[in-house]
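Read through the structure below, which is laid out as structure tokens, and then see the notes.
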Amino acid sequence: MSLWRSLFVAASLLAAPLNLAHSQTPQTVKAKNVVLVHGAWADGSSWSEVIPILQAAGLHVTAVQNPLSSLVYSVEATKRALAEQDGPTVLVAHSWGGTVISQVGTDPKVTGLVYVAARAPDANEDFVALSKQFPTGPARAGIVERDGYTKLSEEAFLKYFANGVKPEQAKELYAVQWPTAASIFAGRTTEAAWRSKPSWYAVSKNDYTINPDFERFLAKRMNATTIELDAGHLSLVSHPKEVANLILDAAGYPRS
């Protein structure tokens, strides 16, 4: 065998495993844990309908009590929760919480990101300017600000923020809504974890807080596995099984 032929055969043998690996479909990494991050005008109890489904599937679940006082403090709270996890973890966010997981999700423990009617900013992006390319949801007309913190009026909360949620449940959520610093909405991330981690997105087709077409834009931009729900902004409350199943998909678990 000539020298050139010997070199060609050797190169082919070395290249074969690489070509085989490239042709394989990437597999979802099975997670042990799920960390849930709530959004503005809410607290950790907003995940109460989803948590039992995930726990029944065998996942360890932690709901972050997001302080909503600044992006920095919210990121720190989620990092603390993530540090407590033992092994592969899926990060999940609703609404403004998507800003937090986009920053924190580059952590090596994080195997996937799930956005539920959530923001998904790019690194250093002016997300407020981006959002203005889409019609503003009527819920925002009900924002009431005091001493630098915001809440939604009862009418706006029940009619637009919690549309599709049972009235008695919506009133409970209104009672526990967490004051949200007006400044956090303009906060910019320095990371965009969805650019390097597998992502899933649940669009709320009847969302009056974040425009559904904006949600579709964000999901498409991140190349997320996407579902659409006949739900308002609080799909995690009104459609917990569908949201939980999307999280189970991201975690590599069978659907409930």
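The values are calculated or read from the model by the stated rules, or taken from the named source; none is laboratory data. Only a predicted model underlies this, so the values are computations on that prediction, with no experimental measurement involved. Every residue, glycine as well, gets a Cβ built from its backbone with ideal geometry; the counts of neighbours run over all protein chains shown. We work out accessible area using only protein heavy atoms, side chains counted, and drop any ligands, DNA or RNA first. Shrake-Rupley method; radii C 1.70, N 1.55, O 1.52, S 1.80 Å.
Taking the DSSP beta bridges with both ends in the chain, the antiparallel portion is around 20 percent.
Over all orientations, segment 31-158 has a Cα convex hull whose mean projected area works out to 8.5 square nanometres. When the Gaussian network model of the chain links Cα atoms closer than 10 Å, the mean-square fluctuations of A181, A193, A120 top out at A181. Scattering from segment 41-85 was approximated by placing one identical point on each alpha carbon and applying the Debye formula without solvent; log10 I(q)/I(0) at 0.15 1/Å stands at -0.43.
Ligands, DNA and RNA left out, the 1.4 Å accessible surface of the chain is 55% carbon and sulfur atoms. Entry note, the chain: relative contact order of 24 percent, from Cα contacts under 8 Å with a spacing of 6+ residues.
Looking at the chain, the accessible area is 48 square angstrom per residue; that uses a 1.4 Å probe and ignores ligands, DNA and RNA. Among L158, L36, L68, the largest mean-square fluctuation in a Gaussian network model of the chain, built with springs joining Cα atoms closer than 10 Å, belongs to L158.
The ellipsoid that matches the Cα gyration tensor of the chain has semi-axes, each √(5λ) in whole angstrom, of 38, 20, 17, with the longest given first. Return one number: the angle in degrees, 0 to 90 and rounded to the nearest 10, between the long axis of the Cα atoms of helix 212-221 and the longest principal axis of the Cα atoms of the chain. Between the helix axis and the principal axis of the chain, the angle is about 20 degrees.
Using a Gaussian network model of the chain in which every pair of alpha carbons under 10 angstrom is joined by a spring, one finds that among H60, H94, H233 the greatest mean-square fluctuation is at H60. Between A141 and E228, the simple spin-label model (points 7 angstrom out along Cα→Cβ) gives 2.5 nm. From its DSSP helices (H runs of at least four residues, each -39,500 (n - 2.57)), the chain gives a residue-normalised ellipticity at 222 nm of -10000 deg cm²/dmol. Taking Cα atoms of segment 136-248, Rg/Rh with Kirkwood Rh, to two decimals? That ratio is 0.99, to two decimals.
The alpha-carbon of K30 sits under 18 angstrom from the alpha-carbons of these lysines, leaving out residues fewer than 8 places away in its chain: K109, K197.
Between the alpha-carbon centres of segment 76-137 and segment 147-211 there is a gap of 13 Å.
The angle separating the long axis of helix 3-23 from the principal Cα axis of greatest extent in the chain is about 20 degrees.
What is the gain in length, in nm to one decimal, between A182 and A83 on full extension, counting 0.36 nm per residue of separation less the C-alpha to C-alpha distance?
Full-extension gain reported as 32.8 nm.
Secondary structure note: in segment 146-256, about 40% of the DSSP beta bridges are antiparallel.
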